[in-house]
Amino acid sequence: MTDHALLLVNLGSPASTEVADVRRYLNQFLMDPYVIDLPWPLRRLLVSLILIKRPAASAHAYASIWWDEGSPLVVLSRRLQEAMKAHWSHGPVELAMRYGEPSIEATLQRLADQGIRQVTLAPLYPQFADSTTTTVIEEAKRVVRERGLDLRFSVLPPFYDQPEYLDALVASAKPYLEQDFDHLLLSFHGLPERHLHKLDPSGHCLKGDDCCRTASPAVLATCYRAQCLRSAELFAERMGLRPEQWSVSFQSRLGRAKWIEPYTETRLDELAAQGVKKLLVMCPAFVADCIETLEEIGDRGREQFVEAGGESLQLVPCLNDHPDWVAALKVLCERAPQAL
């Protein structure tokens, strides 16, 4: 075995569906300044208010989709880790979660203790956002700095437009799109608009309906919404979908701030009102099924769509441990540039 490890990193999950575990997880997640970008006193106050009622509601939602083996996100990420071991010949393949367990800190310490000096850090997010990609990188930097670890990193960059990722997405979704359906909704995780504005070097962010489609390379590099739209367009092109057969939306709003639009919950009602009966929904911001896909879309979204007049909502599974995704991820990670 050589000394170049691969560290896959996903978002994370509570340790269980108990309210105390969910509260602990939500506190760590929401107190991350890259998630709620307010000064610490305001963030602490806001999160404390959120934690009064939300843990119980979230615990109920987690319980509705929890598997016998545990959190679907963690179980599926473990399966991906196991599958990657047969493809990554350079050293060990580890898995960490940005929030919850296994932690980035404990995993990096264990690798360093094993004599590993080179790590390919792979945030499992196709599109860039501070609240996903940046916070993983910054946490790795913090651990190395505070623990004095002798580790060098290559970092998997966002892969929203990479052929390997798109081809895997097509391969995993194709069986569902070959069935009879009226419309495909590509529902990405949402972000507050202010997250986009603060990273925009051009000042034109969200100033027009087509701002993301005309984004310069410098803007595209950090514009989450533009990258989502690009992923959707490239996927639809590969699948041979006509423009009227698909659309894009953004889910998972939290709080009263303005989030990027259109909202998934609004689109579900609109599509039903337009006569769509058989709806497919994909969630290409996620590479593993989780509470946002299984519960928010697969359960609540389906119920909303049917109540609005639709007949069926079929959730297309995420990439999970699909063989084409495993092979694609290997290629993407092997060409990750050195950083940190």
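The values are calculated or read from the model by the stated rules, or taken from the named source; none is laboratory data. A quick note: this is a predicted structure, and the numbers were derived from the prediction, not measured. Note that we place each Cβ from the backbone using ideal geometry, even for glycine, and neighbour counts take in every protein chain shown. Remember, those area values only see protein heavy atoms, side chains included, never the ligands or the DNA or RNA. Shrake-Rupley method; radii C 1.70, N 1.55, O 1.52, S 1.80 Å.
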Check on GLY255, in contact with a strand residue (DSSP E or B) (Cβ under 9 Å, 6 or more places away or on another chain) and on the phi > 0 side of the Ramachandran plot: yes
I'd like the full set of residues that are buried (at least 18 other Cβ atoms within 10 Å of the Cβ) and either assigned to a helix (DSSP H, G or I) or more than 12 Å from the chain's Cα centre (by Cα) (or both), limited to segment 123-136. ASP130, SER131, THR132, THR133, THR135, VAL136
Here is a check on your reading of the model: is PHE159 in contact (Cβ under 8 Å) with a residue 40 or more places away in the chain and either open to solvent by 60 Å² or more (accessible area, probe 1.4 Å) or in contact with a strand residue (DSSP E or B) (Cβ under 8 Å, 6 or more places away or on another chain) (or both)? no
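Return the total of residues in segment 37-73 being out of contact with any strand residue (DSSP E or B) (no Cβ under 9 Å at 6 or more places or on another chain), outside any helix (DSSP H, G or I) and modelled with pLDDT of 95 or more. If you could, list the steps in order and put the result at the bottom.
At the first step, the residues of segment 37-73 found to be out of contact with any strand residue (DSSP E or B) (no Cβ under 9 Å at 6 or more places or on another chain) are 38-70, 72.
Retained after the next criterion (residues that are outside any helix (DSSP H, G or I)): 38-39, 66-70.
Still in the running and modelled with pLDDT of 95 or more: 39, 66-70.
Result for segment 37-73: 6.
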Cβ-Cβ under 8 Å pairs, at least 6 apart or on other chains, segment 175-191 side more than 14 Å from GLU270 (Cα to Cα) and small (Gly, Ala, Ser), far side open to solvent by 20 Å² or more (accessible area, probe 1.4 Å) and part of a loop (DSSP other than H, G, I, E, B): GLY190/SER252; GLY190/ARG253
Give me the pairs: first residue in segment 231-247 and open to solvent by less than 20 Å² (accessible area, probe 1.4 Å), second residue of a type in the set (Ser, Thr, Tyr) and part of a helix (DSSP H, G or I), beta-carbon distance under 9 Å, and six or more apart or on different chains, which are they? SER231/TYR165
Going by what's in this entry, would ALA15 be described as within 23 Å of the chain's Cα centre (by Cα) and open to solvent by 70 Å² or more (accessible area, probe 1.4 Å)? yes
Can you name the residue in segment 174-227 that is among the hydrophobic types (A, V, I, L, M, F, W, C) and touching a Pro at 6+ places or on another chain (Cβ under 7 Å) and, of all such residues, is most open to solvent (accessible area, probe 1.4 Å)? ALA218
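Quick one: is GLU101 crowded, with 18+ Cβ neighbours inside 10 Å and either in contact (Cβ under 8 Å) with a residue 40 or more places away in the chain or in a strand (DSSP E or B) (or both)?
No: the conditions fail for GLU101.
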Could you tell me whether LEU7 is part of a helix (DSSP H, G or I) and either surrounded by 21 or more Cβ atoms within 10 Å (Cβ to Cβ) or within 18 Å of the chain's Cα centre (by Cα) (or both)? no
When both residues are 6+ apart or on different chains and their Cβ atoms are under 7 Å apart, which pairs have a first residue that lies in segment 136-148 and is modelled with pLDDT of 95 or more, and a second that is open to solvent by less than 60 Å² (accessible area, probe 1.4 Å) and not hydrophobic (A, V, I, L, M, F, W, C)? VAL136/ARG98; VAL136/PRO123; GLU139/ARG98; VAL143/GLU105; ARG147/GLN109
